[in-house]
Structure formats: C-alpha cells, structure tokens
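Here is the structure we will look at.
The values are calculated or read from the model by the stated rules, or taken from the named source; none is laboratory data. Only a predicted model underlies this, so the values are computations on that prediction, with no experimental measurement involved. Counting neighbours? That spans all protein chains shown, and the Cβs are built from the backbone with ideal geometry, glycine included.
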Amino acid sequence: MGDRFVVVPVGGGGTVPVQGAHLDAVAADPGLDTGGGSSSSADTGQEKEPLEDSVFEPLDPGAAVPILEYNREPNKYGDGVPKENSPFINNTDDKGNSYDGTNMALFEEEMDSNPMVSSFLSKLANYTNLSQGAQEHEEADDDEGPKKKAVKSPQMGTFMGVYLPCLQNILGVILFLRLTWIVGTAGILESLAIVGLCCSCTMLTAISMSAIATNGVVPAGGSYYMISRSLGPEFGGAVGLCFYLGTTFAGSMYILGTIEILLTYMVPKAAIFVADKKEDELDALLNNMRVYGTCCLAIMSVVVFVGVKYVNKLALVFLACVILSILAIYAGVIKTIFDPPYFPVCMLGNRTLKNHQFDKCNKIEVIDNITVTTQLWNLFCDGSQLNATCNEYFVNNNVTELQGIPGLISGVISENMWSTYGPLGMLVEKSNLPSVEGGDPTQDIYMPYVVNDITTFFTLLVGIYFPSVTGIMAGSNRSGDLRDAQKSIPIGTILAITTTSIIYITSVVLFGACIEGVLLRDKFGDSVKGNLVIGTLSWPSPWVIVIGSFFSCCGAGLQSLTGAPRLLQAIARDGIVPFLQVFGHGKANGEPTWALLLTAGICEIGILIASLDAVAPILSMFFLMCYLFVNLACAVQTLLRTPNWRPRFKYYHWALSFLGMSLCLAIMFISSWYYAIVAMVIAGCIYKYIEYRGAEKEWGDGIRGLSLNAARYALNRLEDAPPHTKNWRPQLLVLLNVDSDQAVKHPRLVSFTTQLKAGKGLTIVGNVLQGTYLTKESESKKAEQNIKAAMSAERTKGFCHVVVSSNLRDGVSHLIQSAGLGGMKHNTVLMAWPGAWKQSNDPQSWRNFIETIRETTAAHQALLVAKNVDSFPTNQDRLGEGTIDVWWVVHDGGLLMLLPFLLRQHKVWRKCKMRIFTVAQMDDNSIQMKKDLQMFLYHLRLDAEVEVVEMHDNDISAFTYEKTLVMEQRSQMLKQMHLSRTEREREIQSITDESRSSIRRKNQGPAENASLSRQSSTTEDAQEDEAQLIHDRNTASHATINDKVDAEPEQVHMTWTKDKLLTERNRNRECNANVAVRDLFNMKPNQTNVRRMHTAVKLNEVVVNKSQGAHLVLLNMPGPPRNRGGDENYMEFLEVLLEGLNRVLLVRGGGREVITIYS
C-alpha cells in the first residue's frame, strides 16, 4: 500500500504519511486522544473541531511533521454568513506536503485550489459552523477548573432537545389562569373553535418551519436565522425584531401571571394597595401588579445576568412542575366521577355572589331558637335588624347554594355548550335559576356580585388565548445543541404541538363537563373565596396546581429574559440595523449584557400595563407576524423551486404554507385589528429602515429569487419592438471615465443622472478600460467598486458595467450595442464633452468622441453631451430662481422639451423656469411660429415661455473667413507633424535592426557573413484624406507629378547599402516637408466650412445674448460629417457654437418621437 495521510489534531501534530496504516488497528488504540482538545486551543480561545473517523498515530518528537491545517474562522452567534473556509479550499502553503502520489498526477495543478474528494469529505464531516449553545455558555461561566474544558459536540436528542422544551414553552400561564374563563365565556363549542384555529395555525407553521429547518444546517439563532436567510435581511430584520418584541412581552405576561397567582391565590394579604370601595378594587389590583411585577423583573434580570447556567439548571424543575400540574388535573377529573369535591357557590336568585365577606350562604339563621341575620344580610341591608331596609332584589329572591364542581357525569356539559358574552360590568348569572327583578340595576355594580371585568367577545378571546400555543420555536432555537437538528426539529416540534393540542382540546371538554358555568366565568375565583378553580378540581391537593403554575410562570419568564437578549444580539451582530450594533456586545463569555438591559426596559413597559388580558394580544401580534413570515418563506421557496431548496422534511406543500400564512393574518385582525395595524406599521418601518440604511447582505434568500423570477417574467413580457411614445422614457447609458487610479473623473455626471431619473427609467453606468481582461481584471473590479461607490453617494439606482477592451473605441461600441438585457436596454447615451481635446497628446480622444456620436446615431439612440460637467450642480445644491433654456433648432423627436420637464421634477431644478427659443429664417412668419409653438406646448401640457429668434442672412465676416482658414491650417499642420513623427520612429527602428544584424554578423563566422544579404523595399504609410483643402492649379499639378514620380520606384525592388538608404530617406523627408510648407501658405478655406463656421458664430452670438445667465442651456447637437476627414473641423464648429456658455447639454435625438400630445 502506498503512503496515506493520517489526520492528527493541529495542536499536537499534523498530517503524517503512514506506511500501511489500517483504520481498525489504529482506531482501536485506547491511548489515542480523539477529542481534538489541547492546551493551546484553550489558550487561544479557538474552537477545536472534532476529528471523528480519522486515523491517528503517535508522533516521533524528532521527526519533521508535515502539517495540513484546516483554518476555519469560528462563527459567532448571529454574525451573518459563516466564513466557511476550510471545507472547500486547501492551504496553498502546504501544497507540496498535502499531495503525494502519482495516480492523480493529471490533476496536480488543481491541488492548490480544489481539494481531492477524500480530503473534502473528511473536512466536511469534521466541520461545524454552529455557535455556542447553552452548554458552552455554562462552561464559559464555570471558573472552577484550572482551564477551559474542550468543547464537546452537541449530544441532545429529540426528546430532551426539542420535545420537552417545546412543551414547557407552550404550556403555561393561560392554561392555568384563563382557560376555564374562556370555556365558561365562549362555551365548549366556540372554545374548541378557538383552540382548533390557533393550534392549526401553529401546526401549519411548524410544518413550514420543519421544511426550512431541514434545508441545510441551521446555526443557533433559530427562527430569526431561518427567516432572514430565507426572505432576506429586510424581512429578516423586521420580523426578527418583531419576534424579539413578542418574546420580551411574553416575559411581561409570564411575570404578571406569576404575580397574579401570588397575590390572588397564594398570599392575598401581601397586597400593598387595598381598595376601600368596590369601584377601586381594579385600580388597587393593577398597582399591586406593577409594584410586585417590577420587583420580580429585577430579580429575574439579576439571575439571567449572573449566568444562563442557573436558568438552564432550573428549567427541568420548572418543566417537572408543569407536567405534574397537568397530571394532577387529569387525576382530579377522573376523581369527580365517583367523588366530586365539595366546592359550593352561593347564588342570590340567579346571580353569583362574592363570598369574601361572608361565611354562610343564607340570609338569616336560627341560633337557640332566635332568628338572627347573617353577614350576607349586612351586605344588602342598612342594618342587622330583621326590619332593616334591604335591597329590593335581595328581598325578592332566595339564596341558594350550588355545587361548583358537580363532576364529569353530572350533565352540566349541556349547559356549558353555548357562549355567554357580555359587556363590562355584566353580572355573572345562571340562566335556569328563578329570579325576580327589582331595584335599580345601576346600583347592582356596588353589591357583592361577580361581574365581568372586561367586555367579552369571540375575537378578544382568540387574542387572549393565542399566547398559550406559542413557543413552537423552542426546539429550533436550540439547534446548536442538537445532535441531529434536521431530524429532531420536525419530529420534536410536531409531536409537542400534537401533545399540547390534545391537552388543550381535552381540557376544554373536561372543564365544561365538570365545572358549573358561573364558576367557569368567575375569572379570579371571587365566588369561592379566591381559590383557583382548576386547583380545586385537581388531585390530590389544590396546592399542586397553585405551586406548579407559579413556578411554571417563573420558569417561562426566565426563559423569555434569557432568549430575547440573545435574539437581539444575533440581529445586532448581523449588522443589518446600524443603531442596534451596540447591543451586539456583552461580557467576555458572550453574554448579551446590553441587550439584557434593553430587554428588561421593554419588559417593564408590559408590566406597567399590569393587565394580563391587555398584554396577551400585544405579544400575539408579534408572534403571529413571525409565524406569518415563516409560512411565507416556505411558500416562496417552494414556488420558486430554487436549486438549493431541498428539504429533508417532505411532508410540506406550498398550499399548506399559504393556508398557514392566511390563518396568521386572519387571527391578527380577528383578535385586534388596531394592534395588527400597529404591528405591521412597526415591521414596515423597520423593513424600510434596513433597506435604506442597513448593511448590504447577500444570504441567498428567497426574496432575491422572487425578484429574479419576477424580473425574468417581466423581461419576457416586454416587447422587442420599441415602446409606444406614451411609454417612452430615457433609459440611460452613462459613459463615465476613470483616471489611472480607477477613481471617477466626473462625479457630477452621476449627479446629473440622478436628477434625470424622474423618468423612472433604466440607468447603466459604463466604463471602458484599455487592455486585456487577464491583465486588467483587478483594475476592472476596482473601477467597478469606485463607480458603485459614486452611484451610492449620489443615490443613483442603476447598474454598473465595466468593459475591458483592446482599444477604447471598440469598448464603447460594445457597450452601446450590448448593454442591457432583452427589452430593458438603454435608448439614450449620456457622456461628458472632451474638454481638453485640443491639448491632448492622444488624437484618439476626440476621434473616439465623434465615433461614439456616429454609433449612437446608427443604433437609433439619443445622445446627451454635457459640456463643463464639473460645474453642474450636485444633488445637495438648490438652484434659485433661474431658467432652463431650450434652443430648438431642428426637431428630432421632442427630447429637447422632455428633458427640462424631467429635470424640474428634481428638487435641484424645481425652482427653475423653462424657456424655449426657436430660430426663424427671413422667409418665416415669426409671429405665427410663436402662436403655433405655444399651442403645441399647451397640448403637450408643458409650462414654458416661448420666444422666436430671427437670424438674418448677413454677409460672411472677415473674422469668420479667417477663423475657418486658421482651423484648416491647424488641422493640416497637425497631420504633417504626426506623419513626420511616424517616420522618425521608423528610422530609429531601422537603425536598431541594422545594429542587431551587425552584432549577429560579428558573432557568426566569416562564411556565414558572406552568405547574408539584406533586401529592403520602401513603402509609404497610407495617409488619410486631406482635410477638405482647395489647392491652386500649380500646387495640384505639382502634387500629381510627385505622386507619379513616387509611384514608379514602388514597382522596382532595389538592394540598398546603409549609406544610400539613409541619404535617400533624408532627401525624401526634406522634399515632403518643403511641399507641406508650401501647401500651408497656398491654402484657401473650403466654402462649406466657411458657411458652417458662419452658422456656428452667428448662433453662438444669439444664444450667448439670450441665455448666458441661464442655469442650463439645451441645444440641438449638429451631426458629424459623413467624410471622416472633416472630424477635427467638426470639433472646432462645436467649440465655437458653445463658446461663452457655462452649463450646456447638447442633445441629439434617436430618430423617433418621444413626446406626444395624446393621452
């Protein structure tokens, strides 16, 4: 067997080739440490990865050990995308050591970037990107040992890791304190509907969550991680914060439940505030809740701050209390079949009485044959005498005593089937008892009757009950501690929801079958001396339920105060909400100290509300928002069918997710429509804030995929034909230049692009780098980053496209032809005027400009050229009163009039007025032109001043004639200089070649020198056409003779000596130079150029006279000459036309109408 690699822990060795190593023999060695821990790893604080199924061999201390390190940056809780370096890339420094063998020599060049499959699988099996779970937090807090313990792999299974935590979080305060009241108020049937609606919602959500949780590894972070990675940072941040607020208010609800049990059922005398009057009882209760709730919150916050390990150790105790309490309830129900408890309820007529202030349920009693009044008599009469004046209803009705818990077979279930809703202050009555009305009903509220403390209706009860089914995320939140999260989360969560649903459904039926209706509707047990109803029902003692529910609420509150800060810390560390980043810090062991302080502050708000029934709907909204988006995430991923959507959990469907999402939305508005709107507004504001200010994150989320599908669908629907004139808008291709450091040269051009975006069209910012892509790849990326930074600074929404081409002209041509996609292509090119084209050493700078004009014209695209672009306003500027002047010389589609309208939509140009100037010739009726133009603008719905400018046919001035001549002489002189420079370069090259040949002859022998001979032929460079020069007859004939003389030698091949070659070249150069000088002095300007220069001069005078003070001048751009020989003259014409103007935008239409008078 050849050499094999043996993986050893990095702290103690490396990868060692072992001859003939056998897995069985080596793995069986009991002396090998397979835990991967070492003192060095503890010192650095780095997590060591467990190296399972690896081969180990003891090392020789003196041997040289080749080490292959798998460098993975440890993932922190909520730090965005885990940096998964090691499982995919080999360490290039150890390439020589990591590959040893010839059977894969064909792929040895790939070893530096692509690992072998065996190495990849080994590293992937040993890789973890899970963060610290509860166990690691405990070990981090434990300072008893001399050093930190090695981190163990997660070992929690389905039952302990998911099922029991979900049970503990789902079963809680509502079951013990409000379910009996809900059954009595809504009736058994409607209570089953409430339970079924809420449990169906959570079950559908659990199915969607199971699909998401099994679609890859879910690190600690739970629901927030799943939502943010499925729907993107905006939705993830918004819903994550809503889930955080829901968890925080859940802590408030559990603390209020704890205090209610304490003050109502355990130690009523501990109340600080006692009401003197009946109408003050509610205020006293709320004040007691606020004081004791604040103290309880402070104690719990200290416990959480000291260490999460204490909370985790108490979790099992609290869970045991919950389970024992539920078993006691079922045991008590069974006991009522043959031995129902004695639990009397005193009734006056059909009204339920509070028995706090009397001990006997009768009006009078006979003691020693003497009739005396009771305490109840004193509550309704003005004295204890038998002839005292009493309440009329008290006099007319008898006092009876009902059995509060008649038992399972008593038949009371038929009376409790239907609902008994009522307003605030409504008396709790038994309908089938006789009653004689009497007295003033408004005074009954001051009598010791049991009344409704709130107005009750079906939707209110849905909102109050829903928190009792939340907590389904407890398993996914512990994903970092699970041995197999993809298996445990679906099974454990669905089983927990099924179990709790069965408990709730059976509890509804059993409560309605065992307990009298008036006692069910007595929320605080006032009719039974403040006893907890289900406590009396339970067996063996009411204190089992009282104490169990008390500790259950305490445990749930601690869990909320433990989980909520970590959720906030995860959001803060992801960096998607900038102002929350301070809450990502904490103690050295990762405990979220600052997040705990904020959580306690928000929790205090819920405690100050002080009403369990008021806080429950608030947290219902936030949980429902979270569940809604879990269902949405699953539905989106399923419908998009993205390649990465491969859940192991197969029992899901997009219709189920959509149904769950609809249920969540319906329950939100059913329970409290105004709370639902507030929750949505909060989530929407967070979403927009993250979108506007948050960090850019790419998590491969479903919303990106949804956007991609929507974009593809829209692009397919776009017609290939040009859009209708009414739908035309400028789709801009901005040609932006960068300097040698790839910094943007003209950022004001990007600003101007933003100001034009009232058209809501496409924007592509393009740039061309000269060279090859292989050598310019890094510069291309840098230029793209700089351009995107400039676009971001100017808030320009669009795309960046950097092209690397062998020459600039071809690169610009490629952009003009290929930028965009499908129907989303640009129709307008925006570029800056080449201001230094005369001073530029590179003549291609202005030639490229003119070629760009020609290519945009050929592509039927509009062209905008901004002159003096660096003087254009930024987006922060606000131009005052001024004008945007449009000089409409020729009609090329109406773009000239559309652009000012778009600019004026932006706040920079909003105060500017629009003026339109048009030019009239001598034979035009200028008055009628003005009327027609005003009518045209009226139909276009454009507000602008109109002025017709007359241009007279004046004679061409001597200045114009001379300016044209100087222009042509300059053009010809530049050409001569260019040709001379080319010839000099050729001469230098020939001398260099001759020197090299001489050196080779010296190095070679005489025999070889004799056989060498050199032949040369002279060829002239192909010159461009003369710049439209007119020579006199002698010059023309002289040039013709020279052409003939020069043409004859080109047909004869001659062998030159070095001296004759140089002499002949000097003679030809001097001859050409003399001829060129004579041509310059004999030139006459072309009459066409003279006329064009005359137009430019006269139009410039008019424009400067009218528009020199304008904020912006828009002007028709003349087309380039068809003959390329006049390109430089064309640039001179434009310079003259624009002389003396500050901000100018030259506009050249694309050959189609872009504005219409029709609707």
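Conditions (1) among the hydroxyl-bearing types (S, T, Y); (2) buried (at least 22 other Cβ atoms within 10 Å of the Cβ); (3) under 23 Å from Y421 (Cβ atoms); (4) in the same structural domain as M266 (by TED's automatic domain parsing), marked per residue:
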position: Q155; (1), (2), (3), (4): no, no, no, no
position: N169; (1), (2), (3), (4): no, yes, no, yes
position: G172; (1), (2), (3), (4): no, yes, no, yes
position: L177; (1), (2), (3), (4): no, yes, yes, yes
position: T180; (1), (2), (3), (4): yes, yes, yes, yes
position: V183; (1), (2), (3), (4): no, yes, yes, yes
position: A186; (1), (2), (3), (4): no, yes, yes, yes
position: L189; (1), (2), (3), (4): no, no, yes, yes
position: L192; (1), (2), (3), (4): no, no, yes, yes
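If I ask for residues that are surrounded by fewer than 18 Cβ atoms within 10 Å (Cβ to Cβ), aliphatic (A, V, I, L, M) and at pLDDT 85 or above, which ones from the stretch 275-285 would you list?
Listed by number, the list holds a single entry, A284.
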All-but-one check, I337 against (1) over 30 Å from D276 (Cα atoms); (2) surrounded by 14 or more Cβ atoms within 10 Å (Cβ to Cβ), failing number (2)
Enumeration of residues in the stretch 770-816 that are closer than 23 Å to E691 by Cα and of a type in the set (D, E, K, R)
E784, K788, E794, R795, K797
Given the criterion modelled with pLDDT under 90, in a helix (DSSP H, G or I) and in the same structural domain as L612 (by TED's automatic domain parsing), identify the matching residue among L262, L297, L231, L204.
L231
Identify all residues within the stretch 396-408 that are without any contact (Cβ under 8 Å) to a residue 60 or more places away in the chain and in contact with a Lys or Arg (Cβ under 9 Å, 6 or more places away or on another chain); write none if there are none.
N397, N398, V399
Residues V304, V308: which one is under 15 Å from I255 (Cβ atoms), among the β-branched types (V, I, T) and either free of Cβ contacts under 8 Å to residues at least 12 places away in the same chain or surrounded by 15 or more Cβ atoms within 10 Å (Cβ to Cβ) (or both)?
V304
Given (1) closer than 27 Å to R178 by Cβ; (2) under 29 Å from the mean Cα position of the chain (by Cα), identify the lone condition not met by Q486.
(1)
Name the residue, out of K335, K360, that is of a type in the set (D, E, K, R), over 21 Å from I445 (Cβ atoms) and without any contact (Cβ under 8 Å) to a residue 60 or more places away in the chain.
K360
State yes or no: is C603 over 27 Å from A186 (Cβ atoms), out of contact with any strand residue (DSSP E or B) (no Cβ under 8 Å at 6 or more places or on another chain) and surrounded by 23 or more Cβ atoms within 10 Å (Cβ to Cβ)?
yes
Consider the stretch 741-782. How many of its residues are assigned to a helix (DSSP H, G or I), loosely packed, with under 14 Cβ neighbours inside 10 Å and of a type in the set (K, R)?
1
Is there a residue in the stretch 873-888 that is more than 30 Å from D739 (Cα to Cα), without any contact (Cβ under 8 Å) to a residue 40 or more places away in the chain and not β-branched (V, I, T)?
yes
For the stretch 783-899, list the strands (runs of 3 or more DSSP E) that sit wholly inside it and hold at least 3 residues that are in contact with a strand residue (DSSP E or B) (Cβ under 8 Å, 6 or more places away or on another chain) and of a type outside the set (A, V, I, L, M, F, W, C); which are they?
882-888
Report yes if A220 is in contact with a Ser or Thr (Cβ under 6 Å, 6 or more places away or on another chain), crowded, with 21+ Cβ neighbours inside 10 Å, in the same structural domain as Y651 (by TED's automatic domain parsing) and modelled with pLDDT under 60, otherwise no.
yes
Meets criteria (closer than 30 Å to V304 by Cβ and either buried (at least 24 other Cβ atoms within 10 Å of the Cβ) or aliphatic (A, V, I, L, M) (or both)) for G517:
no
Going through G823, G882 one at a time, which residue ends up being in contact with a Leu (Cβ under 8 Å, 6 or more places away or on another chain), among the small types (G, A, S) and over 21 Å from L1099 (Cβ atoms)?
G823
Within the stretch 470-489, of all residues that are modelled with pLDDT of 80 or more and of a type in the set (D, E, K, R), the one surrounded by the most Cβ atoms within 10 Å (Cβ to Cβ) is K487
With the condition being closer than 15 Å to L297 by Cα, I'd like the helices (runs of 4 or more DSSP H) fully within the stretch 521-634 carrying at least 1 qualifying residues.
542-574, 593-609
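Where in the stretch 331-424 are there strands (runs of 3 or more DSSP E), lying wholly inside it, with at least 3 residues that are within 22 Å of I534 (Cα to Cα)? So that I can check it myself, show each step before the final result.
Numbers: elements: 344-348, 364-367, 370-373, 399-403.
In the stretch 331-424, 344-348, 399-403 are the strands (runs of 3 or more DSSP E) which contain 3 or more residues that are within 22 Å of I534 (Cα to Cα).
Every residue, every condition in (1) assigned by TED's automatic domain parsing to the domain that holds F622; (2) closer than 25 Å to F458 by Cβ; (3) aliphatic (A, V, I, L, M); (4) modelled with pLDDT under 65, yes or no:
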{"position": "M668", "(1), (2), (3), (4)": "yes, yes, yes, no"}
{"position": "S671", "(1), (2), (3), (4)": "yes, yes, no, no"}
{"position": "Y675", "(1), (2), (3), (4)": "yes, yes, no, no"}
{"position": "M680", "(1), (2), (3), (4)": "yes, yes, yes, no"}
{"position": "I686", "(1), (2), (3), (4)": "yes, no, yes, no"}
{"position": "G700", "(1), (2), (3), (4)": "no, no, no, yes"}
Are any of the residues in the stretch 551-574 in the same structural domain as I326 (by TED's automatic domain parsing), surrounded by fewer than 20 Cβ atoms within 10 Å (Cβ to Cβ) and farther than 20 Å from T470 by Cβ?
no
Within the stretch 434-455, does at least one residue satisfy the condition of being in contact (Cβ under 8 Å) with a residue 12 or more places away in the chain, hydroxyl-bearing (S, T, Y) and in a strand (DSSP E or B)?
yes
S538: passes all of (1) polar (S, T, N, Q); (2) in contact (Cβ under 8 Å) with a residue 24 or more places away in the chain; (3) out of contact with any Ser or Thr (no Cβ under 9 Å at 6 or more places or on another chain) but (3)
Any pair with Cβ under 7 angstrom, 6 or more apart, that starts in the stretch 650-664 at a residue that is not assigned by TED's automatic domain parsing to the domain that holds A211 and ends at one that is β-branched (V, I, T)
none
